[in-house]
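Structure, as structure tokens:
The values are calculated or read from the model by the stated rules, or taken from the named source; none is laboratory data. The structure presented is a predicted model; accordingly, all values stated were derived computationally and were not measured. Backbone-built Cβ (ideal geometry, glycine too); neighbour counts: all protein chains shown.
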Amino acid sequence: MNKMKTREFLSKYTTFVTFVVLVFVLTLLTRGRALTWDSIRTLIIAEAVRAFVSLGVGMIIITRGIDLSIGYVVCLTASVAASFAQEPTLATAIYPGRVFPLIVPIVMALFAGGLFGLLNGVLVAYGKLPPFIATLGTMVIARGIQLIYTKAAIVSSLTAPFKAIAQTSIGPAGFQIPLLGIYVVVIAFFVWVLLKHTRQGTNFYAIGGNAQAARVSGINVEKELVCVYLYAGLLYGCAGVLLSSRLALANALTANGMELDAIAAVTVGGVSQTGGVGTVSGMIIGIFTMGLINYGMSFMAIDSYYQYLVKGAIIIVAVFFDMKKYAKRA
């Protein structure tokens, strides 16, 4: 009986247990040095932008979709935001001599991200293209637009107010909290409300569980799919703003491979690739689980190239056990 309860507990809280075990192991291996407040603060800063895109793709996967365009869309939105936040005295600026209000780079990045999200949604919902193919195509389009827009140059020399968006911390000395962490808490709350306390969130889960049954029950499947990709695109726009602000620049390599990080994080966080299953808390834990793995390997001076091997293996293992778990339920 106790064994059965233990199995049920581990099955239900696999994501949380994995995170706790990783923290424990990392604490032992580094004798606590990797988990000082400065280290935790660094981890929050490093994973905050990924949290935005992970929440976006997490919602898409709940509807049994996928998005491969994340990295290049974030690259584009970061470049757009940075281009409207450059110092006007910079001769090589995209808009030399022009001073834009702080709201402009934010709005333009959101517009670019939302536009690509809308395009992805329309291609999937009304064009009936497989999400893999649709977002693969838009990934290449976003890449091309970014290179054309920036002429493959680095967009740098950003204004101080824009850089302050992601580089500011608040609180007493020795325990300063980065604004990036607060942004994540706020956006996670909104996504949680959307998924758990709105009819539209319920529709997302229903579509992921069985799109045909959802349609029969009166859900406008096409409209909801467009919405979920649009919301994800807006989150990518936010990520672009925060990333360019944190780095104080944007270039063609910005957010390279971020789609891999995001998909791995939400998969580890319990968002089922079969659709209809996933929680915001699981996504957040998944994000920081992947962050701990990356940070732990870096802290122990393990070659960064090995991180790709670990991420790939994690995705395969997580999807394997995910499919095994829900196959049993079926």
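Identify, from the list LEU28, LEU22, LEU35, the residue that is more than 23 Å from ALA265 (Cα to Cα) and modelled with pLDDT of 70 or more.
Values: LEU22 fails: more than 23 Å from ALA265 (Cα to Cα); LEU35 fails: more than 23 Å from ALA265 (Cα to Cα).
Being more than 23 Å from ALA265 (Cα to Cα) and modelled with pLDDT of 70 or more holds for just one of LEU28, LEU22, LEU35, which is LEU28.
Scan the stretch 140-154 and report the pairs whose first residue is outside any loop (DSSP other than H, G, I, E, B) and whose second residue is of a type in the set (S, T, N, Q), with Cβ atoms within less than 6 Å and a gap of 6+ or a chain change.
Here the result reads ALA142/SER69; GLN146/SER79; THR150/SER79, each pair linking the stretch 140-154 to a residue that is of a type in the set (S, T, N, Q).
Yes or no: the stretch 200-208 includes at least one residue that is in a helix (DSSP H, G or I), surrounded by fewer than 16 Cβ atoms within 10 Å (Cβ to Cβ) and either hydroxyl-bearing (Ser, Thr, Tyr) or touching a residue at least 60 places away in the same chain (Cβ under 8 Å) (or both).
Here is the first cut: in the stretch 200-208, the residues in a helix (DSSP H, G or I) are 200-208.
Still in the running and surrounded by fewer than 16 Cβ atoms within 10 Å (Cβ to Cβ): 200, 202.
Then keep just the ones that are either hydroxyl-bearing (Ser, Thr, Tyr) or touching a residue at least 60 places away in the same chain (Cβ under 8 Å) (or both); that gives 202.
For the stretch 200-208, residues in a helix (DSSP H, G or I), surrounded by fewer than 16 Cβ atoms within 10 Å (Cβ to Cβ) and either hydroxyl-bearing (Ser, Thr, Tyr) or touching a residue at least 60 places away in the same chain (Cβ under 8 Å) (or both): present.
How do the helices (runs of 4 or more DSSP H) wholly within the stretch 212-330 filter down when requiring 1 or more residues that are of a type in the set (Asp, Glu), within 29 Å of ALA152 (Cβ to Cβ) and touching an Asp or Glu at 6+ places or on another chain (Cβ under 8 Å): which remain?
Working: elements: 221-247, 258-268, 280-299, 305-329.
Fully inside the stretch 212-330 and qualifying: 258-268.
Considering each residue of the stretch 85-118, count those that are in contact (Cβ under 8 Å) with a residue 24 or more places away in the chain and either under 17 Å from the mean Cα position of the chain (by Cα) or surrounded by 13 or more Cβ atoms within 10 Å (Cβ to Cβ) (or both), and give that number.
Narrowing the stretch 85-118 to residues in contact (Cβ under 8 Å) with a residue 24 or more places away in the chain: 85-87, 90, 92-94, 102, 105-106, 108-118.
If we keep only those that are either under 17 Å from the mean Cα position of the chain (by Cα) or surrounded by 13 or more Cβ atoms within 10 Å (Cβ to Cβ) (or both) as well, we get 85-87, 90, 93-94, 102, 105-106, 108-118.
The qualifying residues number 20.
Can you tell me which residues in the stretch 15-54 are among the hydroxyl-bearing types (Ser, Thr, Tyr) and outside any helix (DSSP H, G or I)? Walk me through how you get there before you give the answer.
So in the stretch 15-54, the residues among the hydroxyl-bearing types (Ser, Thr, Tyr) come out as 15, 18, 27, 30, 36, 39, 42, 54.
Hit for the stretch 15-54 is THR36, nothing else.
On the given criteria, is ALA173 touching a residue at least 60 places away in the same chain (Cβ under 8 Å) and either over 30 Å from SER272 (Cβ atoms) or surrounded by 14 or more Cβ atoms within 10 Å (Cβ to Cβ) (or both)? Explain how you work it out, then say what you get.
Values: touching a residue at least 60 places away in the same chain (Cβ under 8 Å): no; either over 30 Å from SER272 (Cβ atoms) or surrounded by 14 or more Cβ atoms within 10 Å (Cβ to Cβ) (or both): yes.
Taking the combined requirement at face value, the residue does not satisfy it.
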